[in-house]
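Written out below as structure tokens is the structure these notes cover.
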Amino acid sequence: MRVKVTQIGNSTGVILPKNAAARLKVKKGDSLFLTETPEGYSITPYDPEFEAQMEAARRGMSKYRNALHELAGK
């Protein structure tokens with residue numbers, strides 16, 4: 001899908017076509033994340049750093065499952 005780079009005030013921006021915004025599930029005011037990949041750049045509404053932190057938390061919760069269970073009082 002081709003998009004055009006345009007001047008927006010004193011900034012440079014990209015206008016997403018309506019169907020691209022719908023597929024990304026984003027609306028005006030949402031943030032997008034641009035990530036460099038070996039193939040170029042990827043644009044996503046999901047924060048890759050947050051996902052890495054959540055994966056670390058999942059590993060920790062799995063490793064300390066019994067201790068967390070006891071702390072929860074169940």
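Net charge near residue 26, counting Lys/Arg +1 and Asp/Glu -1 over other residues with Cβ under 15 Å of its Cβ? Net local charge, residue 26 excluded: +3.
Only helical runs count toward this figure. For the chain, summing -39,500 (n - 2.57) over DSSP H runs of n ≥ 4 and dividing by all residues gives -12000 deg cm²/dmol at 222 nm. Computed on the Cα trace of the chain, the radius of gyration divided by the Kirkwood hydrodynamic radius gives Rg/Rh = 1.21.
Grab the chain and count how many Lys pairs have their alpha-carbon atoms under 21 Å apart, sequence gap of 8 or more, or different chains. So the count works out to 7. In the complete set of protein chains, residue-level accessible area for residue 62 is approximately 80 Å², probe 1.4 angstrom.
Our summary gives the chain a relative contact order of 15 percent, counting only alpha carbon pairs under 8 angstrom and 6 or more residues apart. Compute the distance from the alpha-carbon center of the range 31-60 to that of the range 1-29, in whole Å. Cα centroid of the range 31-60 versus Cα centroid of the range 1-29: 20 Å apart. As a fraction of the 1.4 Å probe accessible area of the chain, surface on carbon and sulfur atoms comes out at 55 percent.
Accessible surface computed residue by residue for the chain, with neighbouring protein chains in place and a 1.4 Å probe, gives 95 Å² per residue. Rolling a 1.4 Å probe over the protein heavy atoms leaves residue 43 with an accessible area of roughly 90 Å². In loop segments of the range 18-74 as defined by DSSP, the GluC sites (Glu not before Pro) with at most 15 further C-beta atoms inside 10 Å of their C-beta are 39.
The values are calculated or read from the model by the stated rules, or taken from the named source; none is laboratory data. Keep in mind the model is a prediction, meaning the values are calculated, not measured. Note that we place each Cβ from the backbone using ideal geometry, even for glycine, and neighbour counts take in every protein chain shown. These accessible areas exclude ligands, DNA and RNA; they are computed on the full protein's heavy atoms, side chains included. Shrake-Rupley method; radii C 1.70, N 1.55, O 1.52, S 1.80 Å.
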